[in-house]
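The values are calculated or read from the model by the stated rules, or taken from the named source; none is laboratory data. The model shown is predicted, which means the values in this text are computed figures rather than measured ones. Note that we place each Cβ from the backbone using ideal geometry, even for glycine, and neighbour counts take in every protein chain shown. The accessibility values were calculated without ligands, DNA or RNA, using every heavy atom of the protein model including side chains. Shrake-Rupley method; radii C 1.70, N 1.55, O 1.52, S 1.80 Å.
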Amino acid sequence: MNSNIKTILKSAMAVTVLSAAVWAAAPTTESATAPLALNHAKANSNYTVVGQWWSPAAAATWPAVYVDLATGAQSLSSSGQVAFFSHVNGSIKANGSFSIRTIAKDIASVTASDWAIATPVSSQGNGEWYEYDVESHGNAAIEPLTVLVGNSSGVSYAVKLINFTNVGQVVAGQLQVKADTNIEVKAL
């Protein structure tokens, strides 16, 4: 009889230990309406700034493309926070009450606090934001460089040049070229 009691006690103890292990390993569930942990995360957006056909001999008068960095909307009349101008609309400058600054950091690591240490500039273009590659005859983004866009309220956006696509040229009495400028935009 003592042996039966010992067997029963051992079995009860084993069931208790096994139950405790299963309970500890069971996944927890959350309500489907519970807030996500990343409720303040902001996604980056990629925009293609559609360049304008123009003569490289008159790069100073290249029609600017104005961009609203919040929506990606583009216009040939003054609107948005920045303008893309000069040769193949590859240079960037601030528009309206905004200003730009640069920082030698990848866009992924830029934060709003970088505005205070970034370098104020009037624009960024060839030799500053991109470089002409003699071998490929293309324009390549300078790495790592991020343009910060802000106003009196502080910094609002980070902009990174990705590349240029849809490059073309025509000769119809006068050489004209164009390219589309591909950028990554991060709201700060």
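Computed values, structure above
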{"read-out": "Selection from segment 105-136 of residues that are over 15 Å from the mean Cα position of the chain (by Cα) and of a type in the set (A, V, I, L, M, F, W, C)", "value": "TRP115, ALA116, ILE117, ALA118, VAL121, TRP129, VAL134"}
{"read-out": "Subset of segment 95-107 (residues that are open to solvent by 70 Å² or more (accessible area, probe 1.4 Å) and within 21 Å of ALA70 (Cβ to Cβ))", "value": "GLY96, SER97"}
{"read-out": "From the options ASN89, ASN139, residue that is touching a residue at least 24 places away in the same chain (Cβ under 8 Å) and either open to solvent by 30 Å² or more (accessible area, probe 1.4 Å) or in contact with a helix residue (DSSP H, G or I) (Cβ under 6 Å, 6 or more places away or on another chain) (or both)", "value": "ASN139"}
{"read-out": "Breaking point among (1) in contact with a Gly (Cβ under 6 Å, 6 or more places away or on another chain); (2) open to solvent by 20 Å² or more (accessible area, probe 1.4 Å); (3) not in a strand (DSSP E or B), for ALA57", "value": "(1)"}
{"read-out": "Qualifying position, being among the hydrophobic types (A, V, I, L, M, F, W, C), in contact (Cβ under 8 Å) with a residue 60 or more places away in the chain, under 15 Å from ASN95 (Cα atoms) and open to solvent by less than 60 Å² (accessible area, probe 1.4 Å), among VAL110, VAL155, VAL159, VAL121", "value": "VAL159"}
{"read-out": "Which listed residue, of VAL134, VAL159, VAL171, is at pLDDT 95 or above and among the hydrophobic types (A, V, I, L, M, F, W, C)", "value": "VAL159"}
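Residues checked against (1) at pLDDT 90 or above; (2) within 23 Å of SER152 (Cβ to Cβ); (3) of a type in the set (Lys, Arg):
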{"site": "GLU30", "(1), (2), (3)": "no, no, no"}
{"site": "ASN46", "(1), (2), (3)": "yes, no, no"}
{"site": "TRP54", "(1), (2), (3)": "yes, no, no"}
{"site": "LEU76", "(1), (2), (3)": "yes, no, no"}
{"site": "VAL88", "(1), (2), (3)": "yes, no, no"}
{"site": "ASN95", "(1), (2), (3)": "yes, yes, no"}
